[in-house]
Structure formats: C-alpha cells, structure tokens
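Participant: Have a look at this one before I ask anything.
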C-alpha cells in the first residue's frame, strides 16, 4: 500500500515538475489569456576593423548601437517587435532575423516584425547578397555576415531568456506630440512639378535649407505598456532620415539614439524602443547644415517631442482579447530597370558600380521577386491603436494615408522592415524624378503605391 502510494506521489511530482518546466520555457501556455510583456536589449555595435555600410570601423563611441524589442504574450502565439540600430536588413538576412526571434519565443516568423532605424554609421545585413558575392569568388565587403550572425545568436539568447521575466500588462498608454524643427521634405519641386533639388539630411547650402518644410508628418507617437502603475516598455514612432552627420568610422545611433537615451534616463523602469516611420523622403536638412553640434540639438528636439507625447498619454485598461496581429502578404513589383541578365553580367565582369552600390542585394531582390516572393505587411491591434509594419524606405505619404484611413483610431507606422525594396515612392514621385526614385535608389516600380495602399486599407479596416 505504502509502495503504491509512494509511486503515485512520484508520478504526480514528476508530472508537476514537467509541467513547471514547460511553463518556464513557454509562458504562453502558463497563463493563456493573460496579457504579458517581455523585453530584450543587446549591444549591436560592430568591432573595430569590421565593415559598416560605407566604411570600416576605426573606433568605438561611448554610446553604441542596440537591438531591442518586446514580446507580447497571451494573445494567441507570441508577437515580437524588434528595432535595430543598423542601416538595413534585407532579403534572406531579414528572413533569418524573423526566424531566429520566432524560434527564441515559440512563435511563427509571420508574427515577428524586425525594423532598422537606418543610421548610416552602422552595419548593413543581407545574407543573400553575401552568398552571391562569395559564390562569385568576390569579397562580400559590407555584406560579410560574421558579426551579424553573432548578433543574431545573442539576440536569440536574449529574447528566449526574457520570457522568464515577463510581466503582466494591465494598461497601455497612447500619446502624440508635435516635433518641432527636425523633419523636412528632401524633394524640392520646381514650377514644372519636377524635382529641382534634393535637400540632403545635412545641407550646407543655405538657399536649399530656406525652402519650405514641405510634406512631413510632424507627430511622434508613443505606445507604453504598464504593469499597474509601473511602465514596462515605451515604443516611439517618428518619420525621418536619422542622420545629422556620418561617415566618421565610429558606429553611433545618431540623434534618434540620443533622444531614446535621454528618455531612457527620464523613465528608467521602461525599456525605450524607437522605430523610424515612413521617412524615406524626409530628413533634417532644413534644420541641419551638417555641423557636429547639431546632433545634440536635433536629439533634444526629438526627445522633447517624446516627453510631451509621454505626458499627453492617455492610459487605458487592456486585455489579451483586444490584441490582434494581422498580415497581408503582397508581391512588390520590381523596378523595370532591374534586369537579371544585366546584373549577372555586371557580377561576372566585377563591375565597380555593381560591387560598391549594392548590386548583389539588388540581384538577390530581383531573383526573389521572380521566384514569387511576397513581403509581409503587418498590423498590430492594441484596443483602439493600430501599429503598421512596412518594408523599405517608405515615403511619408503612405503614413499620412494610413492615418487618414482611420482617423477614429490611434495609428502609427514602422517602416524600414525588409530593406531589399530600398526607396518606395508614390506613383507620381517616379514621374517627378529626383534621387529617391531613380534607378540607383529604388528597386520597385511605380505601381507599388496601389499594392501597398490596398494592403494598408485592408489591415486598418479589418478590425473595428
């Protein structure tokens, strides 16, 4: 009798131990239906001697690059949002970042969004381009992935370990504020409706700086997650190219990273994660002549907008039942100037322009398009908030259209997802000319506008 009881107790203890172990590694199963959040944050600064997008690393700065994000648990499979202080992650590199974070958190890659902030003293990442160059016996240059794969490994560990520290989410905060004297439109049109000048992110010409601010979205949007009275994470969204000056040889997060750092100091209990919005045709050029001292000026202006958005935030109770994730997989039309035969001939002939201006990444993108590859456009629903996740260097008109589509909701946008499409203009922008829609900058055709606006509309109208 005693032996039977002992065996039964052992079986029960073993079963409970297995359940406890499963709960520890899969918090989703532990408290299904209870909304929780986990945060992760790692260093993503390349070592001295490695290659960034434009230059080799010659030194390190006090404030390096980060890869940080959140995992939302309890609303079906986990949802992962990640922002990286790199210039871009493209093609199979972007695929692998999503797969790695999905494995770490026990979810599907389609429920993972990975975005870059697009700083220029920062690494590039495209595993497809690397393979193309290596197969041709060429130096992969900025696409060498040794460092990027180490970051992936560290990111996987950090995301997995974060799950055991997940906290309840009882409220979200939604706030907006206007950012003064940071973003301006880069494309200056002449009387004929064509681009007559590009106002770069650092613009020494005072006449070009004096041109009107142009079409921008001046709003910084904040979404905060709270455990009762304690903020756990703050996500910020603002659309602009993030350069003050660059090509220093020193990896740095530029003025958005400084602004994020200032806000981290102000609200230390919450992890601050910043996303670049649809800033492909925006930059700080009206307010920045490229002087190094302007970096902190722009950072303080953006941080001030973040502060006011934080102070303006309205908190709402939230449960997992009002959290949803929807995806529209769309085929983006490749630019007509991208020709397989021409690109492969340039690769074989070791053409200098091909090698130095991302030709391998363009070739990889075109091959994927021709193989039927689709881009995931996603939307995170949080009660009355909608956060859109899109690829490439998207023009601000897409963000403004999204907000106009649902003026009854709080709508924010993260662009610079899969970087392979590069600049994504509006249809009319391709007729206007200018750098952003030229053959060296944009890898998609003008009809891309209809594809993306349709996807945005479907995502925003899909839930009440």
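Participant: Which of the residues belonging to segment 217-256 are touching a strand residue (DSSP E or B) at 6+ places or on another chain (Cβ under 9 Å) and under 30 Å from residue 49 (Cα atoms)?
Facilitator: Scanning segment 217-256 gives 240, 241, 242, 243, 249, 253, 256.
Participant: Test residue 129 against the criterion of being part of a helix (DSSP H, G or I) and crowded, with 23+ Cβ neighbours inside 10 Å, and give yes or no. Walk me through it before giving the result.
Facilitator: Working: part of a helix (DSSP H, G or I): yes; crowded, with 23+ Cβ neighbours inside 10 Å: yes.
The answer is yes for residue 129.
Participant: Could you figure out which of (1) crowded, with 22+ Cβ neighbours inside 10 Å; (2) more than 30 Å from residue 57 (Cα to Cα) isn't true of residue 219?
Facilitator: (1)
Participant: Name the residues in segment 256-287 that are closer than 30 Å to residue 449 by Cα and not in a helix (DSSP H, G or I), would you?
Facilitator: Those that are closer than 30 Å to residue 449 by Cα and not in a helix (DSSP H, G or I): 273, 274, 275, 276, 277, 278, 279, 280, 281, 282, 283, 284.
Participant: Next question. Please go through segment 179-195 and pick out each residue that is over 21 Å from the mean Cα position of the chain (by Cα) and outside any loop (DSSP other than H, G, I, E, B).
Facilitator: 187, 188, 189, 195, listed by residue number.
Participant: Does at least one position in segment 328-348 carry a residue that is closer than 30 Å to residue 228 by Cβ, within 19 Å of the chain's Cα centre (by Cα) and in a strand (DSSP E or B)? Give the steps one after another, and end with the answer.
Facilitator: First pass over segment 328-348, keeping only residues closer than 30 Å to residue 228 by Cβ: none.
No, every residue in segment 328-348 fails to be closer than 30 Å to residue 228 by Cβ, within 19 Å of the chain's Cα centre (by Cα) and in a strand (DSSP E or B).
Participant: Would you check if there is a residue in segment 310-317 being under 25 Å from the mean Cα position of the chain (by Cα), crowded, with 17+ Cβ neighbours inside 10 Å and within 30 Å of residue 174 (Cα to Cα)?
Facilitator: The answer is yes, given that some residue of segment 310-317 is under 25 Å from the mean Cα position of the chain (by Cα), crowded, with 17+ Cβ neighbours inside 10 Å and within 30 Å of residue 174 (Cα to Cα).
Participant: Being buried (at least 23 other Cβ atoms within 10 Å of the Cβ) and assigned to a loop (DSSP other than H, G, I, E, B), is that true of even one residue in segment 55-65? It would help to see each step written out before you state the result.
Facilitator: Filtering segment 55-65 down to residues buried (at least 23 other Cβ atoms within 10 Å of the Cβ) leaves 65.
Next, from what is left, pick out any that are assigned to a loop (DSSP other than H, G, I, E, B): 65.
For segment 55-65, residues buried (at least 23 other Cβ atoms within 10 Å of the Cβ) and assigned to a loop (DSSP other than H, G, I, E, B): present.
Participant: Tally up the residues in segment 349-371 that are part of a helix (DSSP H, G or I) and either buried (at least 19 other Cβ atoms within 10 Å of the Cβ) or at pLDDT 95 or above (or both), please.
Facilitator: Initial filter on segment 349-371 (part of a helix (DSSP H, G or I)): 352-356, 359-370.
From the residues that got through so far, the ones that are either buried (at least 19 other Cβ atoms within 10 Å of the Cβ) or at pLDDT 95 or above (or both) too are 354, 359-370.
The total comes to 13.
Participant: I've got another one for you. Just a yes or no: is a residue in segment 78-98 over 23 Å from residue 375 (Cβ atoms), touching a residue at least 12 places away in the same chain (Cβ under 8 Å) and part of a loop (DSSP other than H, G, I, E, B)? Give the derivation first.
Facilitator: Kept after step one, since they are over 23 Å from residue 375 (Cβ atoms), are these residues of segment 78-98: none.
No, segment 78-98 contains no residue that is over 23 Å from residue 375 (Cβ atoms), touching a residue at least 12 places away in the same chain (Cβ under 8 Å) and part of a loop (DSSP other than H, G, I, E, B).
Participant: Taking residue 295, is it modelled with pLDDT of 95 or more, touching a helix residue (DSSP H, G or I) at 6+ places or on another chain (Cβ under 7 Å), surrounded by fewer than 22 Cβ atoms within 10 Å (Cβ to Cβ) and not in a strand (DSSP E or B)? Explain how you work it out, then say what you get.
Facilitator: Numbers: modelled with pLDDT of 95 or more: yes; touching a helix residue (DSSP H, G or I) at 6+ places or on another chain (Cβ under 7 Å): yes; surrounded by fewer than 22 Cβ atoms within 10 Å (Cβ to Cβ): yes; not in a strand (DSSP E or B): yes.
Here the answer is yes, as residue 295 does meet what is asked.
Participant: Out of segment 200-216, which residues are on the phi < 0 side of the Ramachandran plot, in contact with a strand residue (DSSP E or B) (Cβ under 6 Å, 6 or more places away or on another chain) and part of a loop (DSSP other than H, G, I, E, B)? Break it down stepwise before answering.
Facilitator: Start the filter on segment 200-216 by keeping residues that are on the phi < 0 side of the Ramachandran plot, which leaves 200-213, 215-216.
After this cut, where a residue has to be in contact with a strand residue (DSSP E or B) (Cβ under 6 Å, 6 or more places away or on another chain) as well, the list is 201, 208, 211, 213, 215-216.
Matches in segment 200-216: 201, 211, 213, 215, 216.
Participant: From the list 176, 180, pick out the single residue that is in contact (Cβ under 8 Å) with a residue 24 or more places away in the chain, surrounded by fewer than 20 Cβ atoms within 10 Å (Cβ to Cβ) and out of contact with any strand residue (DSSP E or B) (no Cβ under 9 Å at 6 or more places or on another chain).
Facilitator: Details: 176 fails: out of contact with any strand residue (DSSP E or B) (no Cβ under 9 Å at 6 or more places or on another chain).
None of the other options fit; the residue is 180.
The values are calculated or read from the model by the stated rules, or taken from the named source; none is laboratory data. Just so you know, these numbers come straight off a predicted model, no measurement behind them. Virtual Cβ from ideal backbone geometry, glycine too; neighbours counted across all protein chains shown.
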